[in-house]
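Contents: one structure, followed by commentary.
Values quoted throughout were computed directly from the atomic coordinates according to the rules given, and no laboratory measurement underlies them. In this text the structure is predicted, and so the values were computed from the model without any measurement. Note that each Cβ is placed from the backbone with ideal geometry, even for glycine, and that neighbours are counted across all protein chains shown.
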Amino acid sequence: MSAPVATASPTTTAHAAPAASPRDGRRGAGGVLLSVLTWVIGLIFLAPIFFMVLTSFHPEVQATLNTPQYFAPLTLHGYREFFGASSGQSVWPFVINSVLASVISTLLVLALAIPAAYALAVKPVSKWTDVMFFFLSTKFLPAAAGLVPLFLIAKATGGLNQIWFIIILYTAMNLPIAVWMMRSFLADIPPALFEAASLDGAGLIKTLLRVIAPIAMPGIAATSLICFIFSWNELFLVNVLTSTENAQTLPAFLPSLVTSQALFLGKLSAGAFAVSIPVLIAGFAAQDKLVQGLSLGAVK
Amino acid sequence: MTAVQEKQTAVSSGVAADVNRKAKKEKWVRRIPLLPALIFTIVVTQIPFLVTIWISFRKWNANRPRLSGWTLNNFERVFTTKSTLLDLWHTAQLVLVVVLVSLVFGLGIALLLNRRFWGRAAVRTMMIAPFLIVPVAAALFWRYGIFDAQQGLLSGIATMVNHWFHPDAPASTVTLVSKHPLLAVEIALIWQWTPFMTLILLAGLQSRPGDILEAAAVDGATGWQVFRNLTLPHMRQYLELAGLLGGIYIIQNFDYVYQLTKDNPNTENIPYLIYKTVNAAGDYGLASAQGVVIVIATIVIATFALRTVSSLFREENAR
């Protein structure tokens, strides 16, 4: 993991190794101090997550004590409550909605983005850069800007509080990122491979499935994970366009754990961490390509 | 013109047309895989925005469902309502403070992480983690687990430290959210966005040309000289990219403002305002005008962002 970013493309790997060397020479007290400083900063950034996890395993009474409670008894009470042990509000409909919204929208994104990326990288259409920048510019349009029409369209088509409407919006939200990422992955495949495939008489579909898919698999996986994360996290649209467990996702459900009648911090921490686990897994799995996804493919 | 000649021209123009038709067909064959994605994007993202512009010039309220004529009143209300202007100011403040602070932190941390030291992989993983917490989950924990005056960690640490010196003192309370709500939102956002900046800037540092750095080392350049004359110029476009992308994401931020400081007029930003205008007031005309305003603000940032992305893009394709 020493230079995961650089491994994304062979050209940068060649430079990356010597790039680090001038600074390695500096050992001694200063170097140790800098290393300790890096560790301290890392721990400071980790601290809120550490306390979130710690609190999630504490009984509500200890969770509410504000001084750090390292030695409080551990319990799964918070997680049981998050899954609705005493409130009776099952979390499963929201889990299912979240999974449906993020998985189906990701699959749709791939189905649209891979052929598009093919037409932008392998056999590029004329003015393909303009098309790329059109996709990118749609990503710069805040969701808030289209909210009124989306709300009215949802109302008119019966899409209000329906998961399929959310799926369509998430697909559009992630498509530009996927097109940019997939294009840069496909552009890395040597053109000779495609020529060979077409000489053998393979059609577009066959070329996509038999030639591109196997080579582009790591790229496709990274793209899917990043689209999954963005859909899983989304709150703004779901907050306006859904209202019940019929279509609400987990980010819309979480705030309901805050109650004025009883202690809730343990339950809330458990929920916050549980909801983040899929993102943590997906994020660490896609670590090498995370930068590329977050920068819309601009940085490798 | 003789009959033969006429025939020849007809044939050759026929061939030319045929070639032309073939080229055209080839062009369309190339376009076909692109079309579904392109059409889908236009329909779902561009058309609603055009409709937003249209509605922003209409009088349209959910309570009076009949469209009644054209008006500039919506925009007038956006720019004359004091609370809306305040919301614009909050939005600008959030973007500037969060982007600048996390860029500076990000650059510092990226420089530190670019050294080789024991546990580098572990620290790098720690630094990514904040970005992988669901934003609304993080916002809720900051609000109730960290900033809360009674049960929050900040009050707890203040109490703990205070008790080292005054064991009998009453519990301290840190009231950040009620006293400095915007600062509270900024701190939480900086925590989540510094990792983003760090990742992009680290990628930039690792793409510095090694041979030039080596030459500088051979020539006896000091660390500061290398940083000032080689690293910073090389990092400029990465700093721009990270800052602009961060700005575009943070200008749209809703989760933190909404969950950390619900119903607080002192932090309310434009996305939150639009949410309220649609949801509570049902004033579609006004909400659309607010939407147009935030797009104009975004376009200013986005124009620069597109320029930076395209320069990186051209560089990469030139390789």
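Based on Cα contacts under 8 Å between residues 6+ apart, chain A shows a relative contact order of 30 percent. The string of couplings for region A:208-225 from the Karplus curve (6.51, -1.76, 1.60, θ = phi - 60°) is 4, 6, 8, 9, 6, 3, x, 6, 7, 3, x, x, 4, 4, 4, 4, 4, 4 Hz, one whole number per residue in order, with x for Gly and Pro.
Based on Cα atoms of chain A, Rg over Rh with Rh as the Kirkwood radius reads 1.05. Each 10 Å bin, from zero up to the one with the longest distance, holds this percent of the alpha carbon pairs of region B:78-318: 7, 24, 28, 22, 13, 5, 1.
Karplus-derived 3J(HN,Hα) values for region B:79-91, using 6.51 cos²θ - 1.76 cosθ + 1.60 with θ = phi - 60°, are 8, 10, 7, 5, 5, 5, 4, 4, 4, 4, 4, 4, 4 Hz; glycine and proline are entered as x.
Across region B:78-318, Cα pairs under 8 Å and at least six residues apart give a relative contact order of 29 percent.
Take each residue in A:29-41, count the other chain C-beta atoms within 10 Å of its C-beta, and the mean is 4. The distance between label points at B:Phe117 and A:Ile281 comes to 3.3 nm (points 7 Å beyond Cα on the Cα→Cβ vector).
Using the Kirkwood formula over every pair of different C-alpha atoms, what hydrodynamic radius in Å results for region A:141-265?
On the way: mean 1/r = 0.0567 Å⁻¹.
Radius from the Kirkwood sum: 17.6 Å.
Counting neighbouring beta carbons within 10 Å and listing from fewest to most, the residues A:Leu160, B:Leu232 come out as B:Leu232, A:Leu160.
Hey, can you rank A:243-253, A:209-219 by average C-beta count inside 10 Å, highest first? Before the final figure, lay out the partial values.
Numbers: A:243-253: 20.5, A:209-219: 15.4.
Per-residue Cβ counts within 10 Å, averaged per peptide and sorted highest first, yield A:243-253, A:209-219.
Legend: mean number of C-beta atoms from other chains within 10 angstrom of residue C-beta atoms, peptide B:248-256, equals 4.
Just want the ordering: A:Arg80, A:Arg183, B:Arg58, from fewest to most Cβ atoms lying within 10 Å of their own Cβ.
Working: A:Arg80 13, A:Arg183 25, B:Arg58 18.
If I rank by nearby Cβ atoms, fewest first, I get A:Arg80, B:Arg58, A:Arg183.
The 3J(HN,Hα) values that the Karplus relation (6.51, -1.76, 1.60; θ = phi - 60°) gives for region B:179-191 are, in residue order, 8, 10, x, 5, 4, 4, 4, 5, 4, 5, 5, 4, 4 Hz. Gly and Pro appear as x. The ellipsoid that matches the Cα gyration tensor of region A:73-120 has semi-axes, each √(5λ) in whole angstrom, of 40, 12, 4, with the longest given first. By the count of other C-beta atoms within 10 Å, a proxy for reagent exposure, A:Trp128, B:Trp118 are ordered fewest to most as B:Trp118, A:Trp128.
So how do B:256-263, B:164-171, A:261-268, A:222-229 stack up, highest first, on mean other-Cβ count within 10 Å?
Ranking the peptides B:256-263, B:164-171, A:261-268, A:222-229 by packing returns A:222-229, B:256-263, A:261-268, B:164-171.
How big is D, in µm² s⁻¹, for region A:155-200 by Stokes-Einstein at 37 °C and 0.692 mPa s if Rh is the Kirkwood radius over C-alpha pairs? Show your work: numbers first, answer last.
Values: Rh = 13.6 Å.
Estimated diffusion coefficient is 241 µm²/s.
The fraction of all Cα pairs in the protein assembly as shown landing in successive 20 Å bins from 0 to the largest distance is 18, 48, 28, 5, 1, 0, given as whole percents.
Counting pairs of alpha carbon atoms under 8 Å apart in space and at least six apart in sequence, what relative contact order in percent does region A:29-77 give? Intermediate results must be reported in sequence, preceding the final value.
Working: 21 pairs, mean separation 14.8, N = 49.
After rounding, I find 30 percent.
How much space per residue, in cubic angstrom, does the convex hull of the C-alpha atoms of region A:206-260 take up? The partial results should precede the final answer.
Working: hull volume 6.4 nm³, N = 55.
Roughly 116 Å³ of hull volume per residue.
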